[in-house]
1. Compute the FRET efficiency between residue 72 and residue 128 as 1/(1 + (r/R0)^6), taking r as their Cβ-Cβ distance and R0 = 30 Å, and round to the nearest 0.05.
2. Hey, what do the phi angles of the range 117-125 turn into as Karplus ³J(HN,Hα) couplings, whole Hz, using 6.51/-1.76/1.60 and θ = phi - 60°, x for Gly and Pro?
3. Give me the dipole magnitude in Debye, nearest 20, for the chain about the Cα centre, with unit charges on the beta carbon: positive for Lys and Arg, negative for Asp and Glu.
4. Using every alpha carbon pair in the range 84-158, what percent of pairs falls into each 10 Å bin from 0 up to the bin containing the largest distance?
5. So what are the chain's ellipsoid semi-axes, whole angstrom, largest first, if each one is the square root of 5 times an eigenvalue of the alpha-carbon gyration tensor?
6. Toward the positive end of the charge dipole of the chain, about the Cα centre and with charges on Cβ (Lys, Arg +1; Asp, Glu -1), which of 33, 150, 112 goes farthest?
7. Restricting to Cα pairs below 8 Å that are 6+ residues apart, what does the relative contact order work out to for the chain? Please round to a whole percent.
8. Can you check what the net charge comes to around residue 59, using other residues whose Cβ is under 12 Å from the Cβ of residue 59 (Lys, Arg +1; Asp, Glu -1)?
Amino acid sequence: MTDDLKHLERCVALATEALDAGDEPFGSVLVAADGAVLAEDRNRVSGGDDTQHPEFALARWAAENLTPAARSTATVYTSGEHCPMCSAAHAWVGLGRIVYAASTEQLTGWLTEFGVPPGPVAALPITAIAPNIPVTGPFPEFTDRIRALHRRLHERRR
Ligand SMILES: [Zn+2]
């Protein structure tokens, strides 16, 4: 298994942990240029703060703990492509590459299929918000598992 797939597997495990804890199924890992895992987090919106996304938390962690040079060569792995808020935070703190397992376009399609009304923020891809960030994804080997996590979330909310 490549390192990219290994880190994405951890993101999906964190997303599952989030869903099991009553949050939304998203998880992310921050990895240094040398491959060391620096930090990880998962979605924590069930307390009522809908900005508690893992990618936003990792951007703030990076701003507090890493030099600008270390940020620019670090990679954020995430189960679902960054939303516009997190894309902006990632770019503002000067982080490097993003690798995501499932795309915003895929998520939007699933939510439409599940009959979920659109959220308050436009479902734009990372490249529309932060055009200089190198992005890789989606990875089809994760599609069915991530779709199933989102189906569980919205079945629970019915
Ligand atoms: Zn976000």
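The values are calculated or read from the model by the stated rules, or taken from the named source; none is laboratory data. Computed from a predicted model, the values in this text were never measured in an experiment. Note that each Cβ is placed from the backbone with ideal geometry, even for glycine, and that neighbours are counted across all protein chains shown. Note: areas computed on protein heavy atoms with side chains; ligands, DNA, RNA excluded. Shrake-Rupley method; radii C 1.70, N 1.55, O 1.52, S 1.80 Å.
1. Values: r = 21 Å, r/R0 = 0.70.
Between residue 72 and residue 128 the formula returns 0.90.
2. With the stated coefficients, the range 117-125 comes to x, x, x, x, 10, 4, 7, 8, x Hz.
3. Computed charge dipole of the chain: roughly 180 debye.
4. 17, 44, 32, 7
5. On the way: eigenvalues 116, 51, 45 Å².
Taking √(5λ) for each Cα gyration eigenvalue gives 24, 16, 15 Å.
6. Projecting each Cα onto the dipole axis, the largest value belongs to 112.
7. On the way: 292 pairs, mean separation 32.2, N = 158.
Relative CO of the chain lands at 20 percent.
8. Combined, the nearby Lys, Arg, Asp and Glu give -1.
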